[in-house]
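Below: one structure, written as C-alpha cells.
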Amino acid sequence: MTNREELAALTSAVRRTVAEKRSRYLSGKGTSPTSNKPPERLTSLPPAAAAPTNVLDAFVDDPSLSKSDRLVRLQNHIGDCQRCPLGASRIRLAFGVGNPDAKVVFIGEGPGYAEDRQGEPFVGPAGQLLDKILTATGLSRGPVNPPVNWVFIANMVKCHPMIDPSDNTKRSNDRPPTPEEMDVCSPFLFAQLRIIQPLFLVTLGNTAGRALLKTEEGISKFRGRWVDFRIDGLTARLLPTYHPAALLRNPSLKKDVWEDMKSLRAELDK
Ligand code: URA
C-alpha cells in the first residue's frame, strides 16, 4: 500500500467508527465505550440538549448562574462530543480543570496518552513539570492551604489527537491538533474563557501560541512578550511561553520559562 492509500483507508475507518457511534448515540442504544462521564459533582444540573454553538450564548454570560454552574452546563452541552474525528478514538474528553474564577488560565495544545485516560489536562510527564512550574510561581492546579493563586488549565482541543487513531492503546501516539480540529473545538475553550473571565492567559508551546496569536512564527520569536487578547465577551493579556514537554526535551529552555513566570508573577502582584 502506498502512503496515500494507507491514509485513505485510515480516514475511511475513522469515518465509519464516527458514523456508527453517532447512529448508536442518536438512536439511544447505549453510550459509546469512549464516552466521558462527568465526575459525580458535575451532574447536579440537567444536561443541555444538543444544539448549535450559539445556544452557548444562553447561559455562558448569564449572571444569575454561578461560574461553576455555567461550566457544568458547558460540559454537559459538549457531552460525548463527536463534532470532529477526534471523538471516535479518544477515551476520555479532558474538559479542563481548576478554579472557575481563576485570574490565570494556562492553555496547552491537546490531551496526550495520560490525559486521555484520566480526562484531565496535563497529568502526564509534561503536566508534572507544569505543576512544579506552578508551585515555583506561587500558583496551583487545585485549592491548597494556605491558599495561593488557583489557576485553570485547558487545551486548544479537548480530545487526544492521535497519529494512529485506529489504536488508542498505543503510547507515543500524540500529534498536534490540526487547524480544522481547533476550529471545531475552540468555541468551547472560548466559552470557558468567557465564563471564567481571567485577567491573564498563558499559552504553552507553539500550537496554542500560534493559534491564539494568529501567527505563523515559531515560538522562540514570540515567547515572553505580553499581548492584548480579545474575543467576543473577553479581553485579557496573553503571555506565550514554551511547552513543558519542550523543557523535558531541552532543559536549557527552562531559564526562559522562569523569566516568563516571573513576569506573570509581577503582573499578578500589581
Ligand atoms: N500536552 C498538552 O498540550 N496538553 C496536555 O493536556 C498534555 C500534554
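Before moving on, here are some points about what is shown:
- Restricting region 142-161 to residues that are in a strand (DSSP E or B) and away from the ligand (no atom under 16 Å from the Cβ) leaves a set whose member that is most open to solvent (accessible area, probe 1.4 Å) is W150.
- Matching residues in region 208-221 - criterion: being within 19 Å of N155 (Cβ to Cβ) and over 21 Å from the mean Cα position of the chain (by Cα): none
- Scanning region 243-270 for residues that are of a type outside the set (D, E, K, R) and within 16 Å of the ligand (Cβ to nearest atom) gives H243, P244, A245, A246, L247, L248, N250, L253, V257.
- Only one entry in R117, R83 is in contact (Cβ under 8 Å) with a residue 24 or more places away in the chain and either within 13 Å of the ligand (Cβ to nearest atom) or under 14 Å from the mean Cα position of the chain (by Cα) (or both), namely R117.
- Boolean, G124 is under 25 Å from L213 (Cβ atoms), touching a helix residue (DSSP H, G or I) at 6+ places or on another chain (Cβ under 7 Å) and within 14 Å of the ligand (Cβ to nearest atom): no
- Residue in region 179-197 that is at pLDDT 95 or above and over 21 Å from L74 (Cβ atoms) present: yes
The values are calculated or read from the model by the stated rules, or taken from the named source; none is laboratory data. As the structure is a computational prediction, the values presented were derived from the model and not from experiment. Cβ sites come from the backbone with ideal geometry, for glycine too, and all protein chains shown count toward neighbours. When the accessible area is computed, the model is the full protein with side chains, heavy atoms only, and any ligands, DNA or RNA have been set aside. Shrake-Rupley method; radii C 1.70, N 1.55, O 1.52, S 1.80 Å.
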